[in-house]
Every structure is written in C-alpha cells, then in structure tokens.
1. In nm, what is the difference between 0.36 nm times the number of residues separating MET1 and PHE20 and their Cα-Cα distance?
2. Relative contact order of the chain, please, whole-number percent, based on alpha carbon pairs below 8 angstrom and at least 6 residues apart.
3. What's the magnitude of the charge dipole for region 55-109 around its Cα centre, counting Lys and Arg as +1 and Asp and Glu as -1 at the beta-carbon? Answer in Debye, nearest 20.
4. Which value at 222 nm does the chain reach when only helices count, each DSSP H run of 4 or more adding -39,500 (n - 2.57), with the total divided by all residues and rounded to the nearest 500 deg cm²/dmol?
5. Considering only protein heavy atoms, what is the solvent-accessible area of VAL142 at a probe of 1.4 Å, reported in Å² to the nearest 10?
6. Using label points projected 7 Å from each Cα along Cα→Cβ, tell me how many nm separate ARG8 and GLU132, to one decimal.
7. Using a Förster distance of 30 angstrom, determine the FRET efficiency expected from the C-beta separation of ASP157 and ARG105, and round it to 0.05.
8. Would you kindly derive the ³J(HN,Hα) couplings of region 111-126 from the backbone phi angles with the Karplus curve 6.51 cos²θ - 1.76 cosθ + 1.60 (θ = phi - 60°), listing them in order in whole Hz, with x for Gly and Pro?
Amino acid sequence: MDLKKYVRDINDFPIPGILFRDITTVLNDPTALKSAVDSMMGLLDGVAFDAVLGPESRGFIFGMPIAYNLGKAFVPVRKAGKLPSEVCKKEYALEYGTATIEIHRDAITAGRRFVVIDDLLATGGTAKATAELIEALGGVVVAQLFFIELADLGGRDILKGQDVRSLLVY
C-alpha cells in the first residue's frame, strides 16, 4: 500500500515556512493504519529487544500496537511534569523551539534493550534526547524506528552510530 497517498501536507503549520506532514489521515483510515503498523513491525524483523519506548504523543500511536503485537513492554516518554514517579529528564532543541522529556527512572534497567518508535524523524532532537535518557539509565538502544523521515532536515546525521529505520522517506 502506498502510504504516502494517505499523508496530508499542511503548509505553514505550526509556523510560517514549515510543511507539516499530517498523519491523522493515515490514522483515520483503518486499512492505512493497519498497513502502517504492520509495515513498521516488519522493519523490526531480526531485531532482538526487550521493550518499545515511545515519545509523547505520536510515539504512543505507533509504539503501543507494535509492542502489543510483538509481546513486548511499552515505556512512555512524556513531556515534563506528566509522570508521577521519579524521573530522568532531558532538554533538547526542536525544529522551532525547545522541549523537555522525561522517563520514569525505574522503567529503564541496566542492559535492557529498547527500540524507540516515533512518527517522525526531522532534525533528530527528540530521538537523540530519548536515546541519551535510555543510555544514562543503563539501557541500550538497539534501533530507532520512524513512520516518516524528513531526510533534508538531517536527523539521521545526528543519530550516527544508531540503527535508524524509516518506513516513509521524504
């Protein structure tokens, strides 16, 4: 299935000059959603890991069903102030600002192997910050999987040395 046909382009969102790749049109079509999740799972064939980690909020959309279908744990990465227990946090740069993410400290244990799943790889800030949090707590990032990669923004370059996999590349 050509999933690019289901991704809607929105000009000047969230700020002028940005071309936003809207995945809600993929999520709104049951066949496209199933194809997206199944195709992303296929990109993990042969990868040995213990848990899926998904950044808020669109990493939840793809990460949870993949974790469920593969019989793996799911660890949410949240925006600052959203997790109730002891956290490890990281501030990082976005395409148009900064953000802070947090992980529960007890969700990452030494040697536990993670696949990070998110909807979009753009500049790589979220992915890099997420990997740094996992590694700071002793976990191992074995792969980063994205529904969409915006190749011109160089996110893959900031993740040098990591196994980066993308379903759709623009």
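1. 4.7 nm
2. Working: 334 pairs, mean separation 30.7, N = 170.
Across the chain, relative contact order equals 18 percent.
3. 80
4. -7500 deg cm²/dmol
5. 30
6. Spacing of the two 7 Å Cα→Cβ label points: 3.5 nm.
7. Working: r = 30 Å, r/R0 = 1.00.
Efficiency for this residue pair is about 0.50.
8. x, 5, 9, 10, 10, 8, 10, 9, 7, 9, 10, 10, 7, x, x, 5
The values are calculated or read from the model by the stated rules, or taken from the named source; none is laboratory data. Everything quoted here is computed from the prediction, not taken from an experiment. Virtual Cβ from ideal backbone geometry, glycine too; neighbours counted across all protein chains shown. Note: accessible area is taken over every heavy atom of the protein model, side chains too, but ligands, DNA and RNA are not part of it. Shrake-Rupley method; radii C 1.70, N 1.55, O 1.52, S 1.80 Å.
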